[in-house]
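Below is one structure; the comments refer to it alone.
Read the figures in this text as sums done on the coordinates, not as results from a lab. From a predicted model like this one, the values you see are computed outputs, not experimental measurements. So basically every Cβ, Gly included, is an ideal-geometry build from the backbone, and we count neighbours across all protein chains shown.
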Amino acid sequence: MKQFWFAVCVLTGSLVYPTIAPAQSASGALLQQMNSASQTLDYEIAFISISKQGIESSRYRHVLLGKQPLAQLLQMDGPRREILQRGNEISYFESGLEPFTLTGDHIVDALPALAFADFNELAKFYDFIPVGRARIADRPSEVLRIVARDGTRYSYIVWIDEQTKLPLRADLLDRDGETLEQFRVISFVANEGVEGALSGLTKASLPPLLAIPATEKVDFNWQPKWLPAGVTEVSRSRRTLPSLPVPIESRLYSDGLFSFSVNVSTSSNPTSEQFVRQGRRTVHTEIRAGQEITVVGELPPTTAKRIADSIVLSRAQ
């Protein structure tokens with residue numbers, strides 16, 4: 001009887017896997033098309049961002065002039081806040097602050113992070129699940145869910161315009177299925193007419209590039225023994241903040257969709273543990289062997305705690 005059920009399981013797996021694999025491949029290809037459309041098409045969108053902190057409305061314009069991207073993000077309510085992109089320079093203008101420019105590939109606040117992700121790489125650790133079709137901003141769209149296989153991260157549901165492949169809506173969900181944040185397009189155009197609105201940016205005088213101090217190469221006497229699948233170290237640094245007398249050692253990690261940092265510094269406080277979650281960001285802190293370990297980033301609280309608990313301190317700092 002056991003042999004019979006084993007044979008049934010093997011046969012079932014051989015029948016189901018060919019069905020799942022093409023669906024994963026087709027969904028991954030659609031997500032890659034979304035990535036390309038977001039960075040190459042000429043378009044203008046008006047959208048709202050909904051979170052526990054409230055609702056913000058914005059307008060985003062993007063064109064590709066030759067090989068140079070031009071973009072503008074404008075906050076539509078409250079004090080004027082504008083971000084401009086010309087090539088790899090991102091300039092920030094905000095009421096009451098001195099304008100400045102940083103280098104970057106795209107305006108971070110414009111579209112959800114998933115619009116710029118490499119889904120060929122994410123396919124190794126995430127499942128892309130087709131959900132169906134829907135209508136957003138009076139446009140037919142295809143709906144996909146993006147879920148980490150190991151269950152240690154948040155998930156996304158994304159609505160992709162069937163014609164242009166631009167993202168029209170993206171819901172960030174916690175592990176209980178509760179919506180933490182929502183990006184939702186309410187109107188958009190995608191044609192060459194958008195170029196005229198940004199053509200003046202090619203000759204505009206932008207603020208000077210903000211000088212970023214060179215990062216010294218540092219070695220730490222601590223490391224995490226566990227990280228979610230697909231997460232790699234992006235950078236590390238040792239710095240002293242004006243309000244703290246001791247240096248803080250930080251490692252920045254990312255899986256290409258979500259990012260977080262692990263920070264370690266000397267502490268004179270007794271052993272303790274605490275965490276705060278605000279929207280997508282969790283701050284988990286614990287003190288062990290005279291060291292304060294803090295995990296900050298786009299992680300569920302249980303994952304942040306597991307990372308902090310796995311930190312191995314080679315010796316007192």
So for segment 61-153, taking the charge dipole from beta-carbon charges (+1 Lys/Arg, -1 Asp/Glu), which of 97, 76, 129 sits furthest toward the positive end? 129
Alpha-carbon centroid distance for the pair segment 85-138 / segment 273-317, whole angstrom: 27
If amide hydrogens are placed 1.01 Å from N in the peptide plane, which non-local residues have theirs closer than 5 Å to the one on residue 180? 172, 173, 174
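Multiply the residue gap between residue 238 and residue 313 by 0.36 nm, knock off their C-alpha separation, and tell me the result in nm, one decimal place. Before the final figure, lay out each step's value.
Numbers: separation 75, 0.36 × 75 = 27.00 nm, distance 1.61 nm.
Gain on stretching residue 238 to residue 313: 25.4 nm.
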Residues of segment 284-313 with backbone nitrogen within less than 12 Å of a virtual label 7 Å along the Cα-to-Cβ line of residue 174, please, listed as ranges. 299-303
With a cut-off of 15 Å, note down the residues of segment 166-190 whose backbone N falls inside the zone around a label point 7 Å from the Cα of residue 52 toward its beta carbon. 172-182
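If Lys and Arg each add +1 and Asp and Glu each add -1, what is the summed charge of the other residues whose beta carbon sits under 10 Å from the beta carbon of residue 297? Could you put the intermediate results ahead of the total?
Values: positive: 280, 281; negative: 298.
Around residue 297, the surrounding residues sum to +1.
Using only C-alpha positions, report the orientation-averaged shadow area of the convex hull of segment 15-202, nm², one decimal. Please list the in-between numbers first.
Details: hull surface 48.5 nm².
Averaging across all directions leaves 12.1 nm² for the Cα convex hull.
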Using θ = phi - 60° and the Karplus curve 6.51 cos²θ - 1.76 cosθ + 1.60, what whole-Hz ³J(HN,Hα) does each residue of segment 116-131 get, with Gly and Pro shown as x? 10, 7, 8, 6, 5, 6, 5, 4, 6, 10, 10, 9, 10, 10, x, 9
Can you give the percent of C-alpha pairs in segment 183-303 whose distance is more than 25 Å? 46
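Assigning unit charges at the beta carbon (Lys, Arg +1; Asp, Glu -1) and nothing else, what dipole magnitude in debye, to the nearest 20, does the chain show about its Cα centre?
On the way: 33 positive and 35 negative charges, 120 e Å.
Using only the charged Cβ atoms, the result is roughly 580 debye.
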If you take the charge dipole of the chain about its Cα centre, with +1 on Lys and Arg Cβ and -1 on Asp and Glu Cβ, which of 289, 163, 147 is farthest toward its positive end? 289
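Ranked highest first by average number of other Cβ atoms within 10 Å, how do 154-164, 102-112 line up? Intermediate values should be presented prior to the final figure.
Values: 154-164: 20.3, 102-112: 16.4.
Highest-to-lowest ranking by the protection proxy: 154-164, 102-112.
For the chain, how big is Rg over Rh, using alpha carbon atoms and the Kirkwood form of Rh? All intermediate terms of the calculation are to be shown ahead of the outcome.
Values: Rg = 22.5 Å, Rh = 22.2 Å.
In the chain, Rg relative to Rh is 1.02.
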Which one of 26, 49, 172 is farthest out on the positive end of the charge dipole of segment 15-202, using unit charges on Cβ (Lys, Arg +1; Asp, Glu -1) and the Cα centre as origin? 26
Which of 144, 201, 299 has the fewest Cβ neighbours within 10 Å, and the rest in rising order: 201, 144, 299
Residues meeting the amide H criterion for residue 81 (H placed from the backbone, H to H distance under 5 Å, 5 or more places apart or on another chain) are 75
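I'd like the FRET efficiency for residue 259 and residue 138, computed as 1/(1 + (r/R0)^6) with the beta carbon distance as r and R0 of 30 Å, rounded to 0.05. Intermediate values should be presented prior to the final figure.
On the way: r = 34 Å, r/R0 = 1.13.
Plugging the Cβ-Cβ distance into 1/(1 + (r/R0)^6) gives 0.30.
What is segment 141-207's relative contact order, in percent, from Cα pairs under 8 angstrom and six or more apart in sequence?
Working: 88 pairs, mean separation 13.3, N = 67.
It rounds to 20 percent for segment 141-207.
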Under a Cβ-Cβ cut-off of 13 Å, what is the net charge of the residues other than residue 81 that fall near it, where Lys and Arg count +1 and Asp and Glu count -1? -3
Which value, in debye to the nearest 20, describes the size of the charge dipole of segment 222-313 about its Cα centre when Lys and Arg Cβ atoms bear +1, Asp and Glu Cβ atoms bear -1, and nothing else is charged? 100
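Largest first and in whole Å, give the semi-axes of segment 159-207's equivalent ellipsoid, each being the square root of 5 times a Cα gyration tensor eigenvalue. Provide the component values of the computation, followed by the final result.
Numbers: eigenvalues 208, 57, 11 Å².
Result for segment 159-207: semi-axes of 32, 17, 7 Å.
Stretched out fully, how many nm does the piece from residue 74 to residue 121 gain, at 0.36 nm a residue minus the Cα gap?
Values: separation 47, 0.36 × 47 = 16.92 nm, distance 3.17 nm.
Gain on stretching residue 74 to residue 121: 13.7 nm.
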